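**Student:** There's a structure below that I have some questions on.
The values are calculated or read from the model by the stated rules, or taken from the named source; none is laboratory data. Everything numeric here is computed off the predicted structure, so don't read it as measured data. Counting neighbours? That spans all protein chains shown, and the Cβs are built from the backbone with ideal geometry, glycine included. These accessible areas exclude ligands, DNA and RNA; they are computed on the full protein's heavy atoms, side chains included. Shrake-Rupley method; radii C 1.70, N 1.55, O 1.52, S 1.80 Å.
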Amino acid sequence: MIIRVQGGRVSLEDIDTLTAFKVAATESDRAGLGAALAAAGRFDGEHAWISEVWVRKSAAGRPPEWTAGFEKMLTFARSKGWYDDASAAIRAHIDWGA
């Protein structure tokens, strides 16, 4: 799954790939990444934290199999410390070359 940040806009791409989770951004988006992610999550200076609710809303209409796969992804993220229970957000690596 890819959260693309481009020109201050955020979109969800590659929705059916539940074995990867990253933010794709260009270097020119670095300064405004926090503001761009405000609707989808937050930027802590190193990682993006993407709201589980935002992902679910952005992936609305996916089949039950997708929901089951997403739940597995969340379980894995929790086991690695990549999920923040307080904000219900998933940590995402940022690919600055996207």
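**Student:** Restricting attention to the stretch 28-59, and to residues there that are in a helix (DSSP H, G or I) and hydroxyl-bearing (Ser, Thr, Tyr), which single residue is farthest from Leu74 (Cα to Cα)?
**Tutor:** Let us first name the residues in the stretch 28-59 that are in a helix (DSSP H, G or I), namely 28-29, 33-37, 52-58.
Those left that are additionally hydroxyl-bearing (Ser, Thr, Tyr): 28, 58.
On the way: Ser28: 30, Ser58: 16 Å.
Applying the filter and picking the extreme gives Ser28.
**Student:** Out of the residues in the stretch 55-78 that are in contact (Cβ under 8 Å) with a residue 40 or more places away in the chain and surrounded by 15 or more Cβ atoms within 10 Å (Cβ to Cβ), which is farthest from the chain's Cα centre (by Cα)?
**Tutor:** First, pick out the residues of the stretch 55-78 that are in contact (Cβ under 8 Å) with a residue 40 or more places away in the chain: 55, 58-59, 62, 66, 69-70, 72-73, 77.
If we keep only those that are surrounded by 15 or more Cβ atoms within 10 Å (Cβ to Cβ) as well, we get 55, 58-59, 69-70, 73, 77.
Details: Val55: 7, Ser58: 10, Ala59: 12, Gly69: 15, Phe70: 12, Met73: 12, Ala77: 12 Å.
In this case the residue turns out to be Gly69.
Quick grid of which residues meet (1) under 23 Å from Lys80 (Cβ atoms); (2) of a type outside the set (Val, Ile, Thr); (3) modelled with pLDDT of 95 or more:
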site	(1), (2), (3)
Arg9	no, yes, no
Ala20	yes, yes, no
Asp29	no, yes, no
Ala35	no, yes, no
Ala38	no, yes, no
Val53	yes, no, yes
Trp66	yes, yes, yes
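**Student:** Now, a different point. Is at least one residue of the stretch 10-27 part of a helix (DSSP H, G or I) and crowded, with 18+ Cβ neighbours inside 10 Å? Let's see the steps before the verdict.
**Tutor:** Filtering the stretch 10-27 down to residues part of a helix (DSSP H, G or I) leaves 27.
Now restrict to residues that are crowded, with 18+ Cβ neighbours inside 10 Å: none.
There is no residue in the stretch 10-27 that is part of a helix (DSSP H, G or I) and crowded, with 18+ Cβ neighbours inside 10 Å.
**Student:** Of the numbered conditions (1) open to solvent by less than 40 Å² (accessible area, probe 1.4 Å); (2) of a type in the set (Gly, Ala, Ser); (3) without any contact (Cβ under 8 Å) to a residue 60 or more places away in the chain, Ala92 satisfies every one except a single condition; which is it?
**Tutor:** It fails just one condition, (3).
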